[in-house]
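To start, the structure itself, in structure tokens.
The values are calculated or read from the model by the stated rules, or taken from the named source; none is laboratory data. Note that the structure is a prediction, hence the values are computed from the model and not measured. In this analysis, Cβ positions are derived from the backbone assuming ideal geometry, glycine residues included, and neighbour counts consider all displayed protein chains.
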Amino acid sequence: MPTIDTIENRWDILYRDYPEVYDEFASVPYSPEIMDFIIEHFELAHKVVLDIGCGTGKSAFALAEHAEKVVGIEPESAMLNLARQFAQDKKIVNVEFKEGSAERLPVPDKSVDAISGITTVFCPADKSLPPFIAEALRVVRPGGKIILVNIAPGWYAGDLHDVVNDSAPNDRLTDEILQDYGFEYRDFDAIQDYGSVEKMVRTYGFIFGRATIDYIKHNQKTRVLWRSRIRYLTVG
Ligand SMILES: C[S@@+](CC[C@H](N)C(=O)[O-])C[C@H]1O[C@@H](n2cnc3c(N)ncnc32)[C@H](O)[C@@H]1O
């Protein structure tokens, strides 16, 4: 059995062994939806977008409703299999999935108009962000965008941060590194509504552990407030 040593390692186990649980968790609606904000603020019509860490395809499918084409990049084959299955079931033809990682993008130089990374974690930031940014600058055409969305610093697990009681990844380092590259950012608040205690336990609770499950049941929680940070750069 795999052991859970770090938060990153816990998410890796989720992606590899429980992609359906991740997909159910990621499918719980947010109000407002961050993808609506992205689509409104970044021009995607007639654009080719590379969606890094596309997981089961949630972000890629949302982007593909507005872009000309989306190429989803994902290292975990269990997640990719579900994404491909969903694309086939939904007959989505302008999304393609490729196995790969942020640090080594399987596409030619200057071949895409934008790169997105929607809740794709770069950890540790000082080791994984510089090679990713170098790759992103290689593959995005001049004038194109790099758009990254992550949980805002201090908001790991949303408003249950103190209950979950994990030492979260150091997102402040992510800010420092990306600001050096010229990224700007803005924060975005949204409520995720699970609809029932039972559903929140089997998705959010399953991911964040026993103490969190006890808290959800005791307080009859069905909603979580999240703060996301959208970081973006126009490529020169
Ligand atoms: C939280 S999920 C987000 C999935 C999707 N973007 C969504 O919105 O539902 C993060 C994904 O990033 C992937 N990932 C982790 N490290 C990565 C890396 N170095 N390069 C590309 N993807 C990575 C994980 O396997 C996982 O599927």
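Overview of values
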{"quantity": "Residue check, residue 13 modelled with pLDDT under 95, aliphatic (A, V, I, L, M) and part of a loop (DSSP other than H, G, I, E, B)", "calculated": "no"}
{"quantity": "Cross-chain or 6+ apart pairs with Cβ under 7 Å, the stretch 31-44 first and surrounded by 12 or more Cβ atoms within 10 Å (Cβ to Cβ) and among the hydrophobic types (A, V, I, L, M, F, W, C), then assigned to a loop (DSSP other than H, G, I, E, B) and at pLDDT 95 or above", "calculated": "39/66; 44/66; 44/67"}
{"quantity": "The stretch 74-87, residues that are of a type outside the set (S, T, N, Q) and out of contact with any Pro (no Cβ under 7 Å at 6 or more places or on another chain)", "calculated": "74, 75, 76, 80, 83, 84, 86, 87"}
{"quantity": "Failed condition for residue 51, given (1) of a type in the set (Asp, Glu); (2) within 16 Å of residue 136 (Cβ to Cβ); (3) surrounded by fewer than 22 Cβ atoms within 10 Å (Cβ to Cβ)", "calculated": "(3)"}
{"quantity": "Conditions (1) outside any loop (DSSP other than H, G, I, E, B); (2) at pLDDT 95 or above; (3) within 13 Å of the ligand (Cβ to nearest atom): number failed by residue 88", "calculated": "(3)"}
{"quantity": "Residue identified as among the basic types (Lys, Arg) and in contact with a strand residue (DSSP E or B) (Cβ under 9 Å, 6 or more places away or on another chain) among 172, 223, 210", "calculated": "223"}
{"quantity": "Residue identified as under 18 Å from the mean Cα position of the chain (by Cα), of a type in the set (A, V, I, L, M) and outside any strand (DSSP E or B) among 121, 149", "calculated": "121"}
{"quantity": "Whichever residue in the stretch 62-83 is in a helix (DSSP H, G or I) and under 21 Å from residue 11 (Cβ atoms) and, among such residues, is farthest from the ligand (Cβ to nearest atom)", "calculated": "81"}
{"quantity": "Residues of the stretch 184-215 satisfying the condition of being surrounded by 14 or more Cβ atoms within 10 Å (Cβ to Cβ), without any contact (Cβ under 8 Å) to a residue 24 or more places away in the chain and either more than 17 Å from residue 26 (Cβ to Cβ) or touching a Pro at 6+ places or on another chain (Cβ under 6 Å) (or both)", "calculated": "213"}
{"quantity": "Matching residues, the stretch 45-57, being under 18 Å from the mean Cα position of the chain (by Cα) and either at pLDDT below 95 or part of a loop (DSSP other than H, G, I, E, B) (or both)", "calculated": "53, 54, 55, 56, 57"}
{"quantity": "Residue in the stretch 100-134 that is nearest to residue 35 (Cα to Cα), counting only those that are charged (D, E, K, R) and more than 10 Å from the ligand (Cβ to nearest atom)", "calculated": "113"}
{"quantity": "Unmet criterion (only one of (1) surrounded by fewer than 20 Cβ atoms within 10 Å (Cβ to Cβ); (2) closer than 21 Å to residue 50 by Cβ; (3) in contact (Cβ under 8 Å) with a residue 24 or more places away in the chain; (4) of a type in the set (A, V, I, L, M, F, W, C)) for residue 134", "calculated": "(3)"}
